[in-house]
1. What's the long-distance tail for the range 431-494, i.e. % of Cα pairs beyond 14 Å?
2. Nearest 500 deg cm²/dmol is fine: what mean residue ellipticity at 222 nm does the chain get from its DSSP H runs of n ≥ 4 alone, each adding -39,500 (n - 2.57), divided by its residue count?
3. Could you please rank 441, 164, placing first whichever residue has the fewest other Cβ atoms within 10 Å of its Cβ?
4. If you take the beta carbon distance between residue 265 and residue 371 as r and set R0 to 51 Å, what does 1/(1 + (r/R0)^6) give as a FRET efficiency, to the nearest 0.05?
5. FRET efficiency for residue 103 and residue 46, Cβ-Cβ distance as r, R0 = 25 Å, nearest 0.05?
6. Sorting 37, 147 on the 10 Å Cβ count, fewest up front, what's the list?
7. What's the extension gain from residue 18 to residue 408 if we count 0.36 nm per residue and subtract their Cα-Cα distance?
8. May I ask you to derive the relative contact order of the range 119-196, considering only C-alpha pairs under 8 Å and at least 6 residues apart, and to give it as an integer percent?
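No lab work stands behind these numbers, since they all come straight from the coordinates. Remember, predicted model here, so these are calculated numbers, not experimental data. Every residue, glycine as well, gets a Cβ built from its backbone with ideal geometry; the counts of neighbours run over all protein chains shown.
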């Protein structure tokens with residue numbers, strides 16, 4: 001922690017009471033810190049003892065210092081239509097989430113299995129559609145998916161990989177088991193918060209990180225960069241860019257942060273042009289060819305000649321250049337079909353169909369309202385279930401049955417009857433809880449976890465991910481747009497090799513080598 005922050009923390013501590021877990025109540029939910037008898041679980045015992053031994057006000061002082069640091073760093077997200085302003089500081093809680101080596105090994109294996117199957121599914125539906133022809137996934141459900149893109153039929157992404165960057169949402173139920181809540185394969189966001197949360201936490205607790213052997217996350221930018229480079233056509237020194245819709249997008253902070261961390265250009269659609277079948281970036285030195293685009297724009301907007309004709313965010317002709325193998329896109333167009341919450345219900349069958357394996361990570365039980373039997377069941381139990389639209393995100397457009405009114409249930413019943421394909425329902429799960437600072441003391445708050453998976457030459461899972469926390473008492477909705485915040489996620493290393501990491505110095509060396517190659521090439525051409 002910088003000196004000024006340490007002094008501020010000390011000043012805050014002098015007027016704040018001691019903060020311990022002595023009065024903490026786990027209640028009826030699965031608590032990740034304490035068992036039912038109130039004893040610390042084995043993986044967090046050392047941290048609980050350390051927090052309980054801190055001087056009065058110390059933890060609160062560090063929390064407040066971190067909040068000031070995050071505000072100075074401008075770590076924000078946007079809430080569309082909020083009357084209090086579009087930019088919000090993403091709330092952060094200093095008490096970390098702890099994941100044991102054994103549990104993380106299980107999660108990592110399950111995520112890799114899932115991404116392999118999803119990638120094979122996406123490739124299949126845009127080619128031979130064997131899983132459809134064999135009746136595993138109903139054809140009508142696929143063709144009615146709003147994110148299904150017939151324009152992508154016959155596409156062959158580099159290495160046969162469609163989903164290069166995935167964020168998969170996981171929850172822990174009251175039984176202690178981990179379930180997959182949903183997959184995010186279009187433009188999964190949030191990893192910038194993971195990296196910045198870790199940065200401020202390490203400054204605040206440097207010794208605890210070393211003692212507990214927390215696995216690092218700092219090498220995500222270089223891993224992402226290497227994944228993107230591996231997709232490049234016909235060159236060993238590709239030019240990689242991040243394509244953003246612009247500063248008014250809710251995740252613009254992340255777009256600019258990742259571009260800066262990778263040392264690549266952040267561009268908007270107006271900065272790119274397709275000429276002679278290739279993609280170029282407009283620069284002060286003239287047009288510069290682009291080989292790989294990490295796009296943070298949905299399919300609808302990337303090319304007005306192929307998708308939405310009124311889009312001013314994309315690049316006319318981009319899809320033709322992509323189809324002809326002259327530029328790589330991550331993620332590949334068309335991957336959003338696997339984000340559909342109805343399609344999600346079939347992922348366990350995809351794993352069995354393509355990999356001949358049983359799923360390592362189970363789905364949450366899901367009722368598909370397009371099925372008459374499921375629809376009747378859902379309509380009879382709207383006060384018990386969580387109902388979600390198939391293609392919404394951010395916690396919007398959903399009904400949490402136990403927390404809803406009779407009027408809201410009647411409204412959703414009409415929506416379901418009018419458009420059953422658009423809705424699924426799931427049991428109201430008792431999400432696990434983690435201690436969180438609320439009004440100067442600890443209270444349990446519900447959490448989920450979004451790990452990030454990169455798929456290039458191989459599969460790599462960021463150790464940990466974004467733990468989102470529902471800061472409103474009793475709320476099960478963790479989305480930032482619905483009042484949620486975040487916590488740092490500490491995956492404990494199984495051995496010393498897992499503490500080694502690639503660093504920004506490694507990324508700098510790669511980029512320096514590439515720049516030298518470009519200069520040599522430019523000189524030989526001149």
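1. In whole percent, the share of Cα-Cα pairs in the range 431-494 beyond 14 Å is 61.
2. That comes out to -10000 deg cm²/dmol.
3. 441, 164
4. The computed FRET efficiency comes out at 0.60.
5. 0.90
6. The most exposed by this proxy come first: 37, 147.
7. 136.0 nm
8. The value is 22 percent.
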